[in-house]
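Novice: There's a structure below that I have some questions on.
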Amino acid sequence: MDRPGCARWKRREARDENGGEERLSQRPIISPSPFVTEWIARAIVPPPRRALDVAMGRGRYAVMLARSGFRTFGVDITADAVHDAMVTAAAAGVRVNGWCADLTRHPLPNARFDLVLVSRYLQRDLFPALREAVARGGVVLYETFTTAQCAKGTGPRSPDHLLEPGELLRRFDGFDVLFYDEVTAPEAVARIAARSRTLG
């Protein structure tokens, strides 16, 4: 674990709570995303069925992935969240392999995961690494806020944390799109399920 980095980011998050923008992976979410829940169940991926939950927070979806039969890995920049996710998984009778890291300093392995999940988190410089982390024939599930969320007065406000219209679809150009949409209610989000091509 990259504990010095984690400590540094935890200090930054503490500052965020006092007037800045809170990191999205740490925002409380009232209920699971129907999109994520449905597509975890629908995703047909080849063995060995390794899944990665990026910015997993306290492990809501990591536990769901493990319960669905995936060998599950989860990464977050906050050590406490990673610890809580692993404890929650153990209490649920499943295993989540969690680690604390700043992915801008510790890159993801290439072509390693049969399912990569990102929910309510946006860090644009990670898109190339996310694409490369998906194994051939594997699936990426991604859902997060768009700029239309600003009009609602809740959620993230920084452009750094909001997708432009059509941006998420463009970010996975070259993948086979299984599902894509952008909605404005009850929240303004874009979401995609896309499969990495097995050839080319």
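The values are calculated or read from the model by the stated rules, or taken from the named source; none is laboratory data. Since the model is a prediction, treat every value here as computed from it, not as a measurement. Cβ coordinates were reconstructed from backbone atoms using ideal geometry, including for glycine residues, and neighbour counts include every protein chain displayed.
Novice: Just checking, which of Ala79, Ala55 is at positive phi, touching a helix residue (DSSP H, G or I) at 6+ places or on another chain (Cβ under 7 Å) and buried (at least 16 other Cβ atoms within 10 Å of the Cβ)?
Specialist: Result: Ala55 is the single residue among Ala79, Ala55 that is at positive phi, touching a helix residue (DSSP H, G or I) at 6+ places or on another chain (Cβ under 7 Å) and buried (at least 16 other Cβ atoms within 10 Å of the Cβ).
Novice: Considering only residues that are among the basic types (Lys, Arg) and at pLDDT 95 or above, look in region 144-196 and name the one that is surrounded by the fewest Cβ atoms within 10 Å (Cβ to Cβ).
Specialist: Arg170
Novice: For residues that are among the β-branched types (Val, Ile, Thr) and in contact with a Ser or Thr (Cβ under 8 Å, 6 or more places away or on another chain), scanning just region 87-124, find the one that is nearest to Leu168 (Cα to Cα).
Specialist: This residue is Val118.
Novice: Let me ask something else about it. Given the conditions (1) on the phi > 0 side of the Ramachandran plot; (2) in contact with a Ser or Thr (Cβ under 8 Å, 6 or more places away or on another chain), and given that Gly153 satisfies all but one, which numbered condition is not satisfied?
Specialist: (2)
Novice: Here is a follow-up. Restricting attention to region 34-56, report how many residues are modelled with pLDDT of 95 or more and part of a loop (DSSP other than H, G, I, E, B).
Specialist: Of the residues in region 34-56, 2 are modelled with pLDDT of 95 or more and part of a loop (DSSP other than H, G, I, E, B).
Novice: Mind listing whichever residues of region 122-143 are of a type in the set (Lys, Arg) and crowded, with 17+ Cβ neighbours inside 10 Å?
Specialist: The answer is Arg131, and nothing else.
Novice: Another question, then. Please tell me if Ser119 is surrounded by 12 or more Cβ atoms within 10 Å (Cβ to Cβ), closer than 28 Å to Ala66 by Cβ, polar (S, T, N, Q) and over 16 Å from the mean Cα position of the chain (by Cα).
Specialist: Taking the combined requirement at face value, the residue does not satisfy it.
Novice: Can you tell me which of Leu108, Leu126, Leu115, Leu103 is in contact with a Phe, Trp or Tyr (Cβ under 9 Å, 6 or more places away or on another chain), among the aliphatic types (A, V, I, L, M) and on the phi < 0 side of the Ramachandran plot?
Specialist: Leu115
Residues are listed down the side, and each one gets a yes or a no for (1) at pLDDT below 50; (2) over 21 Å from Glu132 (Cα atoms); (3) in contact with a Lys or Arg (Cβ under 9 Å, 6 or more places away or on another chain):
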| site | (1), (2), (3) |
| --- | --- |
| Met1 | yes, yes, no |
| Ile30 | no, yes, no |
| Gly69 | no, yes, yes |
| Asp76 | no, no, yes |
| Ala81 | no, yes, yes |
